[in-house]
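The values are calculated or read from the model by the stated rules, or taken from the named source; none is laboratory data. Owing to the predicted nature of the structure, the values given are computational and were not obtained by experimental measurement. Here the Cβ is made from the backbone with ideal geometry for all residues, glycine too, and neighbour counts use every protein chain on show. Just the protein is used for accessible areas: all its heavy atoms, side chains included, with ligands, DNA and RNA removed. Shrake-Rupley method; radii C 1.70, N 1.55, O 1.52, S 1.80 Å.
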Amino acid sequence: MVCDLGNSFSVFFPKSGMDPFHRIGISLLFYFKGIPSDRSLARRLEHPFVGIRSVLCFVVYPLFMAHDQEVKSTSSGEITMKTFFRKSDWFVMAAAVAAICYFAVTYHSTYPEAALNEMISRKESLKIAEQLMQSGKVVTPAFMDSFQLNDRIYANQKQIQYLQETFGLKEANRIMTSEIPVYVWNFSWNKFEGGNVNLGRNEKDEEERPDDRNTEDVRLFLDRTGQLTHYSCQLKYQDSVMVLRGDHAEFPKLIPTPPVPDLFVVDSARRTAYEFLKNVANIDIDNFQENPFQANLKNNRPSFEFSFLSMNKSFNVSKQVKIRIENKKVSFFDVRYQLPTDFVLHKDRRFAKFLDTIDVFIFLLFVVITAIYFFVRFKSGAFDFKLGVFFGSIVGITFGIMMALTAGIEQWLIITLIIIFGGGWYFFMAAVSVSVSASVSHQVWPLKYQTFEALRRGRVWNQNFGISLLRGIFWSFIILGAGSLILQSIPGTAFLLNQQSHQKFGSNTSLFLIGASVWTSIIYFHCFYLLALSGIRAKIKSVWFIYAVGIFIGFIYPYVFNEASPIPTRIMLGAGLGALFTFLLLRYDFLTLIVAGMLTYIIQESTFLFYLGDMMQISILIFFYAFVLVVALVGVFSRESGEDILEYVPEYVTEIENKKRMNREFEIARQIQSTLLCRSNPQSDVFEIASMCSPAYEAGGDYYDFINFADGDNHKVGVVIGDVSGKGVSAAFYMTLVKGIVQTQAGITPDSTKETLCRVNDVFYDQIDRGKFISMIYAIFDFNKKKMIMSRAGHNPVLIKKTDTRPETHTPSGIAIGLSRGKAFSDSLEEIEVQFKPGDVFVFYTDGFSEAMNKRGEEYGEHRLSELIQKNGLVSAQAIVDTITKDVTTFVGSVPQHDDMTMIVVKIK
C-alpha cells in the first residue's frame, strides 16, 4: 500500500515542493477514495489548503455525509467536498469539543464528587481501621477472621443538597473538601446467620441500623482525611435495659427497677469517652455542650452513652457527637450534622415527593400502553421476537452482573436466585419494550432503528454505524457541557447523585456503571422515547406536539441530571434534555440517541474516579471509552458504506407482507371461484330453485351447477352438487376442473345421470394424482314426465319432502369420482328415478351443514336438518335455504366454520 501510494504520488507530483503535512493529507485522500485519473485535477490538489482539508477529512471521514462521493471532478474541473462537512456538522463537532472542555474545567466546581479529590485511599483507610480495632479502645467481636468485609464510599445526600442550595456549587465543594465531610469510607464486617442478605445500603440504612439479633457486625466510617466519624459494634443477642439517666454536673438519680449494680462508675466512663474523643477522633470537646447521658445494662454489663452538641453558625448546622462506653471500651461512636428544620421542610422537598408520586402513575401508564401495544402487535404478528430476546438477554445479563457486584453476602445460592429472578424480570421488560418499540418505529420511521438493530446482526463495521456512533459521542459531550453550564448559571442550584449512586462507590465501580448504563438506557430510551414518540407520530403528524411530549418525558423522567433542585433548575434541565433527546431521534437515528444518553451517564457518574486515583477502575473506563471510539472510527473509515443495513427488512415485516400477498391471492381465487359458480338460478313456471355456497376459507372445494341442455329442451334441467376432498385453493382448483368436465359430458348423455358420471370419472381420473377425489350428485328433472333421475357418487343423501309425508333420505349406491375407473366405478354406481308432483321439495347439500359443530363438539346432524325441512315445507325454496342457514349458524355459535357449506333446494310448483 505504501509503495502504491508513493508511486502514485510521484506520478502526479514529480517535482512537488509540498510540506510533509500536505503530502500525508493527499496520500490519505488517495488511499481511501481512490487515485484520480485526471492530471488536471492533481494540479488543483497542490494547493496547501486542500492538503489541510484532506487530513481533516481523514480524521472524521466520512462523518456526516456517508452516501455522497467525497472528491469528484465536476464539469468545470473544480473539486467539491460535499461528503465530509455540512455546516451543522462542523458546528456539532466544534460545540462538542468546547462542551467537553467546559465540563472538564468546571467539574471540580459543579459536581459534588469533586470533594473526593485527594481522599485517602482504600488501602490506607483500611489500615487505619484495623489499627483502631486492634488498639483495645473499641469493642470488637471475637474471631474476626470469620467475618466478611464489605467496603464502599458513602455519600450523605442531604448534606450535599443543603450545602449546594445554601452556598452555591463551587463554595459547597470547598466546604465539603475542608469543613464538613460528606464522603466517608464505609467499612463493614458482617457475620450473617439465618440467610440474611445485603444487596447494598441506602442512605436510611446508614443513618439507622435495624436491630437484627441474628447478625453480628462492625461498622466504621473514615472521612477523606482518615478521621473517624462513626464506629459501631453489634454483638449477637444483646439485651439492653436503661437503668439511669443524668448529666455531667450532678450524680445520676437511680431508676428504681431494675437494681443498679456497683459496676456503674460514671466518672470513669466519662473520662474514657473524653480521652477517645480527644486522642482518636481528634474532637475538641471544650467547644461542645454535653447533653444528659443515659446508662443501660447489656447482658448484665454496664453501658454509658454520652452526647455532645456544637452549633456552627457559619453553616447554620449543629454538630452532634454520640459515644457509648462498655467496660471501658467504645462500642458506639457517631459524628453527624443536623440540618435546619426549614431546609428539611422546604416546599421543594414536598414538591419533589409530589413528583415522585406523579412518576409512579406516569410509569404505570407507560406500562399499560406498552402492554396494550404488545398484545396487539403479538396478535397481528408484527413482533420481532428475536430482536427482543437479543437485547433482553443483554439487559438480563448486565443486571445480574450488577447485582453480583453490589452483593455483600456469602450465601451464593441466595444471590444466584436473586440474580436469576431479577435478571429474568428485566429480561422480560427489555424484550417486550424493545420488540414493541422497534415494530412501532419501523412502521412510522423505517430508517430510524436500522443502525441500532445492526448490532444484533453484527453489522457494525460500516460507515453508517460508525457515523451514528460518533455522533452519539459528540452529542454526549454537548449534553455534559450544557448541563454544567445550566447548573453553574442558576443560583441556589443543588445537584445530587443518582439515588442509587452510592452503590457505584464499591470496589467494582467501573463495571457497575457500564452495566447500569447498558441495561437502563436500553429500557429507558426504547420505552420512553422510541415507543412513545413513534406511537404519537403514527397518530399525530405535528412535530411540535412530538417535541412537547418529549419535553414532558424529560421533565418527569430525566435520564441524567435527575436529582437537580430547586424546581426551576429541574424544569430547565429536564425539559432541555427531553427536547434534545427528541431532536436526536428526529434529526438522526435511535443509535445516536441511545449512545449519547449512555455515554453521558457513564462520563457524568464515573469522572470522580480520576480524583480517587484508582488505576484499576480508571483503566477499565479508559479501555471502554477507547473501545467505543475505535469501533466508531473503524466504521467511519470502513470502505463499506453500510447501505444494506438501511435496506434491512425485519422478518416479521416480510411475513406480514407475505400474508397480505397470500390474502390478496386468496381473495382473487375466491372472486374467480364465485364467477365460476352459477351467478343466477334457473327460473321456470313449474319449479323454483334456491342455492347458496359459503366457503370455510378464502376459496373452497364445494361445487354446484345447473345444466342447460344444448338441444333447447326447456322441459329438463340438470342439478349438480359436489365436494372436492381437501380445502382451500387446491380444492378450488379441482372444483374448476370438474365444472368444465361436467358441463362437457352432460350434453353428450342428456338422458342418463349414471352415464354422465361415468364419463366424468374417466376424464377426472386420468387428469389428477391419486388421493384426490370428489363426491357428487347429479340429478335431471324432467317436468314433462314429472320425474327425477339421479345418481350419487359417494355424496351426502338427498332429502325429499313429499307434500303428504315426512322428509325421506335417498341414498343410491356409488363411490366417489377419482377413486377408481372403468367397470369398478360403473358397477358401484346406481341410478334411481323419483316421481314428483307440485309442492314436493328436494334438498341437496354438502357435509358442511350436517357436520357443523358447536362448542360442545355436537354435530348438527341430518335429523335436525330433516326436522327443519318438515316444519318449513310450505314456504318458498329461498326461505327454506335462509331458514336452514340461520339455524345452523345459531347452532354453532362462535365456533369457526371448518368446512364449506353448499345447498340447493328445488321446489315443484
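Centre-to-centre separation between the Cα atoms of segment 269-296 and those of segment 422-482: 59 Å. Each other residue within a Cβ distance under 10 Å of Asn462 adds +1 if Lys or Arg and -1 if Asp or Glu, for a net charge of -1.
Computed from the C-alpha gyration tensor, the three semi-axes of the ellipsoid equivalent to segment 425-555 are 27, 22, 17 Å, from longest to shortest. The local environment of Thr902, defined by Cβ-Cβ distances under 9 Å, has a net charge of -3 under the rule Lys, Arg +1 and Asp, Glu -1. Site pair Arg457 and Glu655 shows an inter-label distance of 1.7 nm when each label is modelled 7 Å from Cα along Cα→Cβ. Per-residue SASA remark: Leu220, around 0 Å² accessible (1.4 Å probe; ligands, DNA and RNA not included).
If you take the beta carbon distance between Val367 and Gln743 as r and set R0 to 51 Å, what does 1/(1 + (r/R0)^6) give as a FRET efficiency, to the nearest 0.05?
0.20
Counting only protein heavy atoms and using a 1.4 Å probe, the accessible area of Arg664 comes to about 130 Å². Taking amide H atoms as placed 1.01 Å from N in the peptide plane, the amide H of Asp702 lies under 5 Å from those of Val724, each 5 or more residues away in sequence or on another chain. Per the Debye formula on identical point scatterers at the alpha carbon atoms of segment 678-908, with no solvent, log10 I(q)/I(0) at q = 0.07, 0.12 Å⁻¹ is -0.21, -0.63. By the compact-protein rule of thumb, 2.2 N^0.38 Å, the alpha-carbon radius of gyration of segment 263-338 corresponds to a ratio of 1.13. Pairs exceeding a 32 Å alpha-carbon distance, out of Lys754/Lys855; Lys191/Lys328; Lys123/Lys329; Lys716/Lys871; Lys886/Lys909: Lys754/Lys855. Available extension along the chain between Ser876 and Val686 is 67.1 nm, counting 0.36 nm per residue and deducting the alpha carbon span. Evaluating kT/(6 pi eta Rh) at 20 °C and 1.002 mPa s, with the Kirkwood radius of segment 349-648 over Cα pairs in the Stokes-Einstein relation, gives 107 µm² s⁻¹.
Restricting to DSSP loop positions (anything but H, G, I, E, B) with no more than 10 other Cβ atoms inside 10 Å of their own Cβ, which trypsin sites (Lys or Arg not before Pro) remain in segment 744-784? Sites meeting the loop and neighbour criteria: Arg770. Remark: segment 349-648 carries 40 Å² of accessible area per residue (probe radius 1.4 Å; ligands, DNA and RNA excluded).
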